[in-house]
Structure formats: structure tokens, C-alpha cells
Amino acid sequence: MVIIDGKVKKILKGAGSLLLLALLLVMGMRFMPHPPLSQGQDFSKAVYDSHGNLLRLSLAADGSFRLWTPFAEISPRLKQAVLLHEDRWFYYHPGFNPLSLLRGAFTSYGPAGRRQGGSTITMQLARMRWQLNTKDISGKLVQILRAIQLELFYSKDDILEAYFNYAPYGGNIEGVGAASLIYFNKNPASLSLPELLGLAVIPQAPSARMARQGVMGKPLQAARNRLFKRWLQENPADVDKAALMDLPLSMRPVKALPFAAPHFVDQVMGQPASSQQVLRTTLDYGLQRLLERQLSLFIEQRQNQGVNNAAAILLDWRDMSVKALVGSAGYLNSAIAGQVNGTTARRSPGSLLKPFIFGLALAQGLLHSQTLLKDVPSAFGMYAPENFDGHFMGPLSATQALVRSRNIPAVQIAAALRSPSFYGFLQQTGIEKLANENHYGLSLALGGGEITMQEVARLYAMLANRGVMRPLSFIAGERTNAWHEMLSPEACFVTLKMLEQNKRPNYSSASAASVPVYWKTGTSWGFRDAWCAGIWGPYVMVVWVGDFSGKGNQAFVGLQSAAPLFFAMHDSINASNQAPVVDLLEKPAGVSLVEVCAQSGLLPNAWCPHKTNAWFIPGVSPIKVDDIHRPVVVDTGSGRAACPPYDPRRTQVRVYEFWPTDLQQIFIQAGLMRTPPPSAENCAVGGGADGVAPQITSPRLGGSLQLRVRGEGAQALALSAVNDAKIKINYWFVDDAYLGNVAAGEVFYWQPARAGNYIIKVVDDHGRGHSRPIKVEVVN
């Protein structure tokens, strides 16, 4: 007996050692590194707007809808329902249940001949993960071995999580995350009892039990009701839900999935952050629908003019979040290449970027809001721009030049910009794919380059953000430290105050908004693109009307097509109460209102008849006293300028406007009467009023001139200057060598014989002069 007891002890000890070794082996297998059960799976992407509205659920690479849902994000009641229906002994068996297998085999191959599975959840996962054929005994054995492998390497929760994400839910829907979203527009943690019981029974017969025509079919309802009876045995408190089980259960079919904001979603899914399964974006679907509706109405109304395409982008400049993006008039319209995203297409902006030319000039001290600019025929070397309407307006303030979009003043200002030039500014702001600066010359000021709507939106948002340039944001919560200060807050403020004077089309007091709109239009050369961009409240919006093919149309004019669409969208947003009031124009401390002479834009002298206020940046804006209005002592008898000494009985002081010669010609062409200052030619000395020195206008300062001086196409250099009103003759010199003379206001032509550096000089008939260095390159 003692010997037997000793043998028993030895056997038990050996068995215990083997059991311990097996336990250690199992633990080692469990804790050794192994790939997650999601490895090898490709997933869909669910894109949401900022309010949680689904915009799109994309297909995985294999054509299935599949979203991996973590175990903690699955409703505990759904887990309970699945275990009750599929495998109530899941947490106790080693991966297979012998009793279930025997029962299934007897039922399937016994007298009844009714097929019944005996697979556990672990075995089902093994079949789905390794694509096993389990219709014969050998396949079933492999399935059992794979199930044991899963149990050895993964926890029960890992296996159940994977089952929920591999399970078929009808058609090409896999996993509870995709099924819950598609059928009920919910996540698996938010399902009601009728919904979760319905999902629990679909994987057992997905083809038969999937939703039909958007409602639960009879097979699914019957299976769900059977499960509900078993559910009540374990959850008797849910007996009050019995009435819900008799109601039809709406289940969204796959074909009814949303396909909203398609261009926006395409762009978001192409960004680096798109590796995530769930993308929560900045888009506001309510605003998106407002813009889409207005754009569709606009196209419908303008089709008889050949207008069939447009695009728009709306963003909140405070955090640079894109709130709406309409890339074309119809994503599925192949006739207009509708899948092209118009907000990323590079187009000529026309005059849309003029505010930034004026903003740079304000920052560089070249002008203030009422500086007098000249809208007169001008040549800048070989470049002679014209206005859109083919006419010239003469003298006008910087504000009016910007609001009325006059080309000549804009080019004049662009030519004077330094550090940076307009080209340098655009480069610094991140405008991509610009050619070299010489390629554009001064035509860049009038839309000679190409730019995207999204880049335009960033530029206008920079004005609202007091000169700080920041990238657009498409993903909610996305933060970036990438920003650059491009303009001073003072220059941005004054630019916006200038744009505020631009009245909307068909303006009336009834349409005036409580929040001002700071906007500008643009029309590209050949009527290929019509633009409108603006800021109001927290929003920046850019609108484009045109044809992706680049075909021109007389209807593609910024003010006549893009601006009406812009304001239709603006009014729609305001009417929806989605445009909160934002005090955009809080005046910086470095800006002042200064009184200037209304006609000249200069500080008023004693003879200025009318005054107005100008926005002025102290220490930066130019300071000059008015010299247009000058007193002249007039002989009351002859009307001529009196000669000293003056006889107070026969003379009086009168104030005249002394406009330069280029503006005098514009006044004459426009039929605008200006009383000429009286002549003082009869006076030996004195008389009249002091004038100003001439200013060379061609050739312009800086750069080099390339001229062909021999053979066919020989060119001469045009020399021109602006003179005081009383000047009659200009004398031209090159390096102090006399060339000849012409009447004031006329052009003198000179043909250099060789290349080199020269000093061009003009002297008027009062002895006042102006000189300018030039570089000439002779082309043979």
C-alpha cells in the first residue's frame, strides 16, 4: 500500500509538473508578441461633418464596407445578445464545444436532415479570418485547430471583438461598426434593443435576413423575435419592450448612404490624416446645402447665357476651418467635367488680388486711403495696360481706384512696391507654381498669374486675421503652428475699410446687412473666369463662375455673374441665422483718421475748398501738403495774372487748380471743364504761382530695357514726363547730351545706338528737372 501510494504520488507529481509546464507554455504563448486580429484587413473610411452628420462611408479596397470597432465601443447588451444567440458558453470553452458539435452533426446528418451548425464564436472567427472551407470533416478539423490557436494566443475579449468586426451582415457589409452605421446611422454603443437584437441574428443567415427595401424583412423579424423570447428569460425587466418588437424596423439600404460634399470629402480622404477610419471634419453640412442650393438656382437661371458651371468655398477665418466647399455645379455631370474640384484648379484671378497690392503699398508707406492716383494712359517700358472698360477716369482716390478696380493705378502702385514686390509677396504667402518674376512683369497685378480658390480664400482670411497667413483646416480639432505675418494689422485694417466702400450689386437700404461685407470681384482676360471674394462676420467666401475647359464667355464678368451668386449665398447664410456678428474691424492703435484735401488727397493748405477724412498710419503713410490748389494774383481788368508790384485796387487773389499735364488731357477728353490758371507770360518777373518739377513716367525706374535698334522691327525708346499746369515745353537729355524738345505732355522718341547704362533727364521751361538711371540691352 505504501509502495502504491508512493507510485501515485510520483504520478501525481509528474502530472502536476506537466500541468504546470502546459500552463507556462499557454501563458508564454499568450504573452509572446503576436499580430492584432485586425492585421491584413482593409477598412472603409467614415467621414463626418462638424455636427456628426455622415458625409460618406467609403468602400474598403476589396469592395466591402468594413469599420473596425474597438471592444469598449460595442454595447454590452449587444455582446450579451450575440452570446445568447451564438455561443452562451463562449467564456468557458477552449475554442470549440464538443456538445455543440455533436448536436449539430446529429441534427444535420441524422433522420431529420436539417442542417444546424455547432461552431463556436471562436470557430466562426477562425473560418472568416483564414477563409476556411468547413463543409467537410477535414475542413472542420482545421477550423477546430485554428480556433484552439486563437484561444492560445488571444484573450476572450480579443476574440469576441474580432468576431464582431469580421461577421457578415448582408451583401458587402462586414462588421458591426459598418452594419450599425449603414442600417441605423448609429455607432454600436447607441443601438436600441430592437436594433441590437436585429443585428445579433443577421450573421447566422446574412443573405436571408438582411434589410430589404429599407425595412426589416420577415425572416429577420422572425429570428429577432425568437431571440427576444430567450432575452426575456435573462432580462425580464425588458418585457415592456415587447410592443416595440411588433413595430416595423426601418433599416437604411446601402444605396441610400449619403454622398454629400463630394469634392470636399475627396480632398479630405486624400490628405495624410485620411489613414484614420473615422474622419471628423470642419464642414458644416447645413451651410454646405445652402451653398449648393444657391449655386444650382444660379446655374438654372443663367443657362440661357451659356453659364453651366461654378464653384464656391466658405471658411471661418478665426480658426481657418473650411465650412462648405462646392467644387462644381454637378459632381456626376460629365458634360462639365463635374468631378474636377474647381476650388483647387489654377485660374487667372483678374483683379481679385488688387486689395493686396494696395495693402502692400499702405504697409510700405506709398499711400493712404485718400491718396490721389492717376487713371491716365501710361506705359511701363514696353507694357501699356488698359482698363477693363477701355476708358480713363483721371484723378481718383486710392479707395475709389480699388473699389472701381481701375487697372492703371494698380499697375502704377505695383511698379513702386519694394521689399517685397507683389511677386515676392505672393511667393511668401505660399502661392504655388508661380513662374519666375520676369515671366509676368507688371501684368501680375492684373491677374497675369494663376491661383486657386483655396489660395484666394487664405489671402482674404489673412486680411481678417490682421496680416497673419495660416493654412486651411479640413479636420476638426486640427491645430497648426504654421503661420506667417505678411502685412501689418494697420495695413489690413485700412485695406478692409477701403473695401467696405464697395456697394453690393443692386444695392438698396432694404438689403443692407448689419454686418458689413468687404468684397472684390475679378474677371480674367478673355472672359474665361468670373470671381468674387469677400469677408463678413466670421466668414470668408470665394465664388468662381466659368468653364473648366477655359472657354471664354461674355457672361463671365465678376460684377455681373460671380458677385450676384456671392451675395445670394451671403443672404442665404444670413437668413439662416448662421452668421454670428463678429466685430471684425476693431481699429488698431496705430491707425488714425486725418483730414485731407478731398480733391488732391494731400494735407490741406490754406486754399483747399473741400476736405475729407483719410485713414492714416502715423510714421508710415506719406505726408505732403496740397499743391493742386494755389493762389494767383489776378488783374481784374484783363483776367491775366497780375505782375508785381500789385495794385490792390485792380487786383484780387483767386484760387486755381493746377493739374499736371496728363490729367489735363483726361479732363479735355472727358469734356470736364476746368478753369485754366491765368498766364503770367507778360510779366518780366514773378506773377502767377510756383509750380512743381516734372516727373519722368517712361521709362520706369528699375529693371532693364531690351530694344531692337536695327533692321525690321527697330524700336525707339519712348520718353515721357508729367508737368505742372503752366509748363509749355520739355527738354530731354541723355548723360547731359541734349536730344531735343517737345510740347509738355507729348512723348519724345530716342533710339540708343548701343547697350549700356544711361541717365535720362528732363528739364521744363522753368528750369526744373528730373532724372532717372536706365539700363539698355540692344537686341540684334
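Filtering segment 368-396 to residues that are open to solvent by 20 Å² or more (accessible area, probe 1.4 Å), among the hydroxyl-bearing types (Ser, Thr, Tyr) and at pLDDT 90 or above leaves only THR371.
Only residues that are open to solvent by 30 Å² or more (accessible area, probe 1.4 Å) and part of a loop (DSSP other than H, G, I, E, B): list them for segment 39-61, please. If the condition is that a residue be open to solvent by 30 Å² or more (accessible area, probe 1.4 Å) and part of a loop (DSSP other than H, G, I, E, B), then GLN39, GLY40, GLN41, ASP42, PHE43, LYS45, SER50, HIS51, GLY52, ASN53, LEU59, ALA61 are the ones that fit. For segment 614-671, a tally of residues being at pLDDT below 85, closer than 30 Å to ALA363 by Cβ and assigned to a strand (DSSP E or B) returns 1. When the residues of segment 629-666 are filtered to those that are of a type in the set (Lys, Arg) and over 60 Å from the mean Cα position of the chain (by Cα), the one that is most open to solvent (accessible area, probe 1.4 Å) is ARG649. Identify, please: which residue in segment 170-184 is in contact with a Phe, Trp or Tyr (Cβ under 8 Å, 6 or more places away or on another chain) and assigned to a loop (DSSP other than H, G, I, E, B) and is, among those, surrounded by the most Cβ atoms within 10 Å (Cβ to Cβ)? Filtering segment 170-184 for residues that are in contact with a Phe, Trp or Tyr (Cβ under 8 Å, 6 or more places away or on another chain) and assigned to a loop (DSSP other than H, G, I, E, B), the one surrounded by the most Cβ atoms within 10 Å (Cβ to Cβ) comes out as GLY175.
Among the residues of segment 468-503, write down those that are open to solvent by 50 Å² or more (accessible area, probe 1.4 Å), touching a residue at least 60 places away in the same chain (Cβ under 8 Å) and over 30 Å from GLN288 (Cβ atoms). Of everything in segment 468-503, just one residue is open to solvent by 50 Å² or more (accessible area, probe 1.4 Å), touching a residue at least 60 places away in the same chain (Cβ under 8 Å) and over 30 Å from GLN288 (Cβ atoms), namely GLN501. Of the helices (runs of 4 or more DSSP H) entirely within segment 185-266, those holding at least 3 residues that are surrounded by 13 or more Cβ atoms within 10 Å (Cβ to Cβ) occupy 193-201, 206-209, 218-234.
Working only within segment 133-151, note down all residues that are acidic (Asp, Glu) and buried (at least 16 other Cβ atoms within 10 Å of the Cβ). Break it down stepwise before answering.
Initial filter on segment 133-151 (acidic (Asp, Glu)): 136, 151.
Selection gives GLU151 alone.
Among the residues of this structure, GLY342 counts as one that is crowded, with 19+ Cβ neighbours inside 10 Å and out of contact with any Pro (no Cβ under 9 Å at 6 or more places or on another chain).
Can you tell me how many residues in segment 253-290 are of a type in the set (Asp, Glu) and under 21 Å from SER572 (Cα atoms)? I'd like the intermediate steps shown before the answer.
We begin by selecting, within segment 253-290, every residue of a type in the set (Asp, Glu); these are 266, 284.
Cutting the leftovers down to under 21 Å from SER572 (Cα atoms) gives us 284.
The number of residues fulfilling the criteria is 1.
Scanning segment 152-169 for residues that are open to solvent by less than 10 Å² (accessible area, probe 1.4 Å) and farther than 14 Å from SER75 by Cβ yields ILE159, ALA162, TYR163, ASN165, ALA167, TYR169.
Restrict the check to segment 104-120 and report whether at least one residue is surrounded by 13 or more Cβ atoms within 10 Å (Cβ to Cβ) and at pLDDT 90 or above. So far as segment 104-120 goes, yes, one or more of its residues are surrounded by 13 or more Cβ atoms within 10 Å (Cβ to Cβ) and at pLDDT 90 or above.
ARG479 passes every criterion in (1) over 20 Å from the mean Cα position of the chain (by Cα); (2) more than 22 Å from SER348 (Cβ to Cβ); (3) at pLDDT below 95; (4) not hydroxyl-bearing (Ser, Thr, Tyr) apart from (1).
Check segment 557-574 and report whether any residue there is buried (at least 19 other Cβ atoms within 10 Å of the Cβ), touching a strand residue (DSSP E or B) at 6+ places or on another chain (Cβ under 9 Å), modelled with pLDDT under 90 and aliphatic (A, V, I, L, M). For segment 557-574, residues buried (at least 19 other Cβ atoms within 10 Å of the Cβ), touching a strand residue (DSSP E or B) at 6+ places or on another chain (Cβ under 9 Å), modelled with pLDDT under 90 and aliphatic (A, V, I, L, M): absent.
The values are calculated or read from the model by the stated rules, or taken from the named source; none is laboratory data. Keep in mind the model is a prediction, meaning the values are calculated, not measured. Because the Cβ atoms are built from the backbone with ideal geometry, glycine has one as well, and the counts that use them run over all protein chains shown. Accessible surface is based on the protein model in full, side chains and every heavy atom, while ligands, DNA and RNA are left aside. Shrake-Rupley method; radii C 1.70, N 1.55, O 1.52, S 1.80 Å.
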